[in-house]
Amino acid sequence: QVQLVESGGGLVQAGGSLRLSCAASGSITSINVMGWYRQGPVKQRELVAAIIGGDTTNYADSVKGRFTISRDKAKDTVYLQMNSLEPEDTAVYYCNVKDSTTGWGPFQGYWGQGTQVTVSS
């Protein structure tokens, strides 16, 4: 069983920064994708950023240039550095890990419990 524990959400003013962390424990195969999704009020869950293996990254257009995803392979931890935050970034952010046992679809994989990010204007 894989568990994902998130931390780092909170309330910040527009233009500010937050860093989210997600630590994975349990059995994850070596080939995997770690990422962050978010779900805002009355919105569908959407991919924010993902990191494949250790180097290849993918970002939603709305966060390119402002958010950076990274991972510490040794700790099975993924980070999301969020800069220049905007009120539109307000959402619950979910950590997601996919590997060969879970499938690679957008809503497959293991999920964290979610952490609230609120950006005030």
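Some notes on this structure:
- Placing +1 on the Cβ of every Lys and Arg and -1 on the Cβ of every Asp and Glu, with nothing else charged, gives the chain a dipole about its Cα centre of roughly 60 debye.
- Top of 13, 108, 44 by mean-square fluctuation, Gaussian network on the chain, Cα under 10 Å: 44
- Percent of Cα pairs exceeding the 13 Å cut-off, where the set is the range 10-62: 72
- Protein accessible area in the range 37-95, 1.4 Å probe - carbon and sulfur %: 47
- Per residue, the convex hull spanned by the Cα atoms of the chain amounts to 92 cubic angstrom.
- What the Cβ-Cβ distance of residue 70 and residue 104 gives, at R0 = 25 Å and to the nearest 0.05, is a FRET efficiency of 0.75.
- Modelled FRET efficiency - R0 35 Å, residue 121 with residue 5, Cβ distances, 0.05 increments: 0.70
- Spatially proximal lysines relative to residue 73 (Cα-Cα < 22 Å; intrachain offsets below 8 disregarded): 98
The values are calculated or read from the model by the stated rules, or taken from the named source; none is laboratory data. A quick note: this is a predicted structure, and the numbers were derived from the prediction, not measured. So basically every Cβ, Gly included, is an ideal-geometry build from the backbone, and we count neighbours across all protein chains shown. To get the accessible areas, we keep the full protein, side chains included, count just its heavy atoms, and leave off ligands, DNA and RNA. Shrake-Rupley method; radii C 1.70, N 1.55, O 1.52, S 1.80 Å.
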